[in-house]
1. Identify the GluC sites (Glu not before Pro) of the range 356-389 meeting these criteria: DSSP loop state and at most 13 other C-beta atoms within 10 Å of the C-beta.
2. Local charge sum around THR284 (other residues, Cβ-Cβ under 15 Å, Lys/Arg +1, Asp/Glu -1)?
3. As a quick test, which of the pairs LYS108/LYS130; LYS190/LYS288; LYS108/LYS186; LYS190/LYS220; LYS71/LYS288; LYS130/LYS190 have an alpha carbon distance above 30 angstrom in this structure?
4. Which lysines have a Cα less than 16 Å from the Cα of LYS351, not counting those fewer than 8 places away in the same chain?
5. Shape of the range 199-287 from its Cα gyration tensor (a ≥ b ≥ c, root eigenvalues): rounded if a/c is under 1.5, otherwise prolate when a/b > b/c, or oblate?
6. Using modelled amide H (1.01 Å from N, peptide plane; none on Pro or chain starts), what sits under 5 Å from the amide H of LYS220, excluding residues fewer than 5 places away?
7. Could the peptides 185-192, 203-210, 152-159 be put in order, highest first, of the mean number of other beta-carbon atoms found within 10 Å of their residues?
8. By the scheme Lys and Arg +1, Asp and Glu -1, what is the net charge of all other residues having a beta-carbon under 14 Å from that of GLY380?
Amino acid sequence: MLSVLPTSLGLLLASFFSQDSPGGVATPTIRFQLRHQHAVANGSRSVFSDISSSLLAEYYEIPTKDIETPKPPSAAAYADARLFSMRHAQTPALAWNRVNTPGPDVSKRETLLQLARMTSNSYYNDRGHKSWYPLDGWNTSLPFGWEPDADGFRGHVFVSDDNSTVVISVKGTSGPWIAGGEGPTKTKDKLNDNLLFSCCCARVGPTWYTVCDCYSGGDKCDQNCVERALVDDSLFYPIGTNLYNDVAYMYPKANIWLTGHSLGGSLAALLGVTFGVPVVAFETPGDKMAATRLHLPSPPSTQHITHVYHTGDPIPMGTCTGVTSTCAISGYALESHCHQGQRILYDTVTKRNWSVDVRQHGIQFIVEKLLNEDWDAENGVEVPEVDVQSDCVDCFNWQFGAFK
């Protein structure tokens, strides 16, 4: 069955339909199966295709634990606070609700591995594809919204056995260094990358065509201009809010998690701040600057968002920069490196003697080379300890002000 839900449902739906389990209730493992694919039709509408019931034989089991998530008091209050910040450059105080909800246990390697496999599969619509991670019985898919000339926001929706938990997996950039290569979404992917993660409209050098008209000469960038550019409806963030609302409408009593890789992971983190839901993001460019420029009201804590990346990947480390970098040669200005929330940083350069190479950015590389074994098996360490970036500043060599 095919269902198309209007994006005019608005932000209001999510705050009323998203339900949380009582605090302290132990849910050690949640079992998910793929129920839907999602894409965007005609540039705005979220479109879902259901998976045939005869094919629902593949499962993903994810360890969980109760975590605290901050939710805005209402969708209307959140939207008003964001609008006030845009107009007056300050955000009014919100009465955030702190709730306990079953979330992914990121201290377990199996959690990261299964979410990474879900994220990897969001790059493909065909279960027969050589790079699809199959489990028992899944060898076909319903390819709605994945036509060769389609573009936009894509991914998969996984649902637990009892419909209590939903995972939205967001596809990242279709790029030359990603397994699967460049696809039909590459143009809009690149636009979103260069708007969200560059210091000033992807102004890398004098020969670059910028993605917005905010560069003001020298090392100056017009702050109001670049913020307006990010609010443009062509960006994936507002499409993602519509998608979240549609999924919340379809599963009104479910807890919703978000995951994604690269651009998809950053979008998941931005949506996680917006709706106050758990996020696990892999190898993402820094998303903190984008959240500030989008004027997303900052909750009292962002520890429900976990970024997973390694030191051998220059993109999340913020070192794939400069006119001679691999990113710039490919047309990407990925200059941010500050992340919201907490992180799990694999120091592969020091601990495993890996080089720094953009080819180590792909999610399949992460699944097969990083998460295929415990980080320190001799000492019983499944994954590195969680920490938080400190004293992190993006674009320190730029001046931002009212130059236009």
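The numbers here are math on the coordinates, done by the rules we state, and not lab data. Quick caveat, the model's predicted, so the values are computed rather than measured. A quick note on method: Cβ atoms are made from the backbone with ideal geometry, for glycine too, and the neighbour counts reach across all protein chains shown.
1. Here the GluC sites (Glu not before Pro) that fit, given the DSSP loop and packing criteria, are GLU373, GLU385.
2. Details: positive: LYS171, LYS288, ARG343; negative: ASP189, ASP193, GLU283, ASP287, ASP313, GLU335, ASP394.
For residues surrounding THR284, the net value is -4.
3. With Cα atoms farther than 30 Å apart: LYS108/LYS186.
4. Hits, sequence-local ones excluded: LYS369.
5. Working: a/c = 3.25, a/b = 2.27, b/c = 1.43.
It is prolate, given that a/c is not under 1.5 and a/b is the larger ratio.
6. Long-range HN contacts for LYS220: GLN399.
7. My ranking of the peptides, most packed first, is 152-159, 185-192, 203-210.
8. Computed value for this residue: -4.
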